[in-house]
1. In this structure, is Ile3 of a type in the set (A, V, I, L, M, F, W, C) and surrounded by 10 or more Cβ atoms within 10 Å (Cβ to Cβ)?
2. So, Leu82, is that one surrounded by 10 or more Cβ atoms within 10 Å (Cβ to Cβ), at pLDDT below 90 and hydrophobic (A, V, I, L, M, F, W, C) or not?
3. Just to check your reading of the model, which residue among Lys24, Lys107, Lys57 is at pLDDT below 90 and surrounded by fewer than 10 Cβ atoms within 10 Å (Cβ to Cβ)?
Amino acid sequence: MSIVKLENALKQINEWKDEFNVTKIYEDHKTDLQLLKKYIEEVNDYNSKMYKNTESKLHSKADFNLMEEFKQNVEEKVMKDLTKKIDKIEHKRMQNTMKKKLESIEKEINEIGKSA
């Protein structure tokens, strides 16, 4: 009886062997694995490109903001320096005008003193 059971089990294994071709299943899984690896590489490449692109945009935006801030600081400093120089020039001009008026008044006083 056990021989009959063994023969039946062997017969069933042979039937399953035909139904479930292990080599084909292995090849299918191997192909799927290769496709999955290729897909993962493509996704990683895409992510890397996107990261570099985003990083580049962030750096350019940061550089742009830094340049704008620097430009504004330079403009403020230039305006402050120009204002100081203009004030100095106006002050000097006012001193010269007052000096000329003072000299003309002294001249008039001297002329009045001489004629008196």
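1. Working: of a type in the set (A, V, I, L, M, F, W, C): yes; surrounded by 10 or more Cβ atoms within 10 Å (Cβ to Cβ): no.
Spelling it out, it is not the case that Ile3 is of a type in the set (A, V, I, L, M, F, W, C) and surrounded by 10 or more Cβ atoms within 10 Å (Cβ to Cβ).
2. On the way: surrounded by 10 or more Cβ atoms within 10 Å (Cβ to Cβ): yes; at pLDDT below 90: no; hydrophobic (A, V, I, L, M, F, W, C): yes.
So Leu82 does not fit the description; no.
3. Numbers: Lys107 fails: surrounded by fewer than 10 Cβ atoms within 10 Å (Cβ to Cβ); Lys57 fails: surrounded by fewer than 10 Cβ atoms within 10 Å (Cβ to Cβ).
Only one candidate qualifies: Lys24.
The values are calculated or read from the model by the stated rules, or taken from the named source; none is laboratory data. What you are looking at is a predicted structure, and each value in this text was computed from that prediction instead of being measured. Cβ: placed from backbone, ideal geometry, glycine included. Neighbour counts: every protein chain shown.
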